[in-house]
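Q: Here it is, the structure, as structure tokens.
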Ligand SMILES: CCC[C@H](O)CC(=O)SCCNC(=O)CCNC(=O)[C@H](O)C(C)(C)COP(=O)([O-])OP(=O)([O-])OC[C@H]1O[C@@H](n2cnc3c(N)ncnc32)[C@H](O)[C@@H]1OP(=O)([O-])[O-]
């Protein structure tokens, strides 16, 4: 092998335990195996990095306390440090080549850096269970617009009990119709099963204007309301007051800092970001955002819930635009600027990106689809925060269409007209 790349410690997707390399002698391939569950996967690279931390049980001398800075190591809040009693320790397993060797967990306190090994009663299975103990079955969604209704629909479709909340019955009635229509489109492909699928899904959704009812039995609340920091902060304070201590609180914001939205909560460790894409029933991605204080347990539970929603999850820290919008918004704005400069027509730009880049919609169509108000809101916020970044400079046509109330599909007109002829 030429240059040695960094080889990280691998963890099991299922139960978060460390994976161990094992040779499959028959097929002559390197496998990674979990000692806690059945996971057994072929290594991407035939290269093992061995870091022997200990040689004797209960020997903790050789552990470098800098491991607390390692972002790949899980943290637990379920064990108190024997020295300072804090409940924030990173943990990892001992390495042993002996097949019969029991798993030993090693801890380093994040606060005082004290090192210790696990007691007999506290084995890694227990840790895995505690990391996965925040199971989400009851989901509440606040905000019944396009995104909120879509999230509620998919949650109900995937077997969750759902409470959908909005300020008034008119908004909820509109959301109900929208969900029924979208379910109809899904059910169409299911033949005879379709009608029952719609009935079962709708029966799992309760519509309410009461925040108390929304918070009361929820394991997870996802907020998808207006992009206003103060309004969101107030909502989360109300939700926290009515929710159980274990309830996870998450925002679907696409433009505000996640950590700022949860900043006033009493328990900021239960808070994070869950960013869905429009139309929620069709888009396979969910961005799971780790805010400044999101605990590992909560983050893992959000990832698990994403899977249970049949979405592919990606992880991202709390950075403007996360992954998708950080790339998508500048792309959409560059497309508008290109048309403004007279280099090509909007129709040709859209055709070009559909046929030349394989996108389902061209950028001007997509801007109309997500809403020109949303695009402007995101761009203005970023421009204010990063005035020297030319990618975030204001876009004249976008501002003009917004002033004229032409904000895309939802208003009947944007770059294109959607008025029924
Ligand atoms: C800027 C900030 C943005 C934000 O933060 C993040 C984002 O959201 S970024 C934006 C991220 N979003 C994107 O980038 C979107 C990119 N666009 C796309 O992926 C496709 O154009 C889209 C899926 C929207 C429509 O598919 P298409 O093929 O072009 O046209 P079609 O209409 O003929 O639909 C075909 C079939 O699809 C199905 N179906 C569709 N909608 C629904 C629904 N709501 N429910 C259920 N089902 C639905 C249905 O089966 C339908 O058949 P039918 O017989 O009509 O019932």
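Q: Would you mind ranking 261, 63, 205 by Cβ crowding within 10 Å, fewest neighbours first?
A: Exposure proxy ranking, most exposed first: 63, 205, 261.
Q: So, one more: Just need the relative contact order of the chain here, percent rounded to a whole number, with Cα pairs under 8 Å and 6+ apart.
A: It comes to 9 percent, rounded to a whole number.
Q: Can you tell me the orientation of helix 146-157 relative to the chain, as the angle in degrees between its alpha-carbon axis and the longest Cα principal axis, to the nearest 10?
A: Once rounded, the angle reads 50 degrees.
Q: Given the peptides 138-150, 217-229, 316-328, arrange them by the average over their residues of other C-beta atoms within 10 Å, most packed first.
A: Packing order, densest peptide first, comes out as 138-150, 217-229, 316-328.
Q: Within 10 Å, count the other beta carbons around each residue, average over each peptide in 29-39, 243-253, and list them highest first.
A: Per-residue mean Cβ counts within 10 Å order the peptides as 243-253, 29-39.
Q: Which angle from 0 to 90°, rounded to the nearest 10, does the C-alpha axis of helix 346-357 make with the longest principal axis of the chain?
A: 30
Q: Determine the distance separating the Cα centre of segment 223-255 from the Cα centre of segment 334-399; give it in Å without decimals.
A: 30
Q: If you build a Gaussian network model of the chain, linking Cα atoms that sit under 10 Å apart, which residue out of 254, 182, 203 swings the most?
A: Evaluated over the chain, the most mobile residue of the options is 203.
Q: Let me ask something else about it. Counting only helical runs of four or more DSSP H residues, what would the 222 nm mean residue ellipticity of the chain come to if each run contributes -39,500 (n - 2.57) and the total is spread over all its residues?
A: Value at 222 nm, helices only: -10500 deg cm²/dmol.
Q: By how many degrees, 0 to 90 and rounded to 10, does the Cα axis of helix 372-385 deviate from the longest principal axis of the chain?
A: 60
Values quoted throughout were computed directly from the atomic coordinates according to the rules given, and no laboratory measurement underlies them. From a predicted model like this one, the values you see are computed outputs, not experimental measurements. Neighbour counts are summed over all protein chains in view; Cβ atoms, including those assigned to glycine, are modelled from backbone coordinates with ideal geometry.
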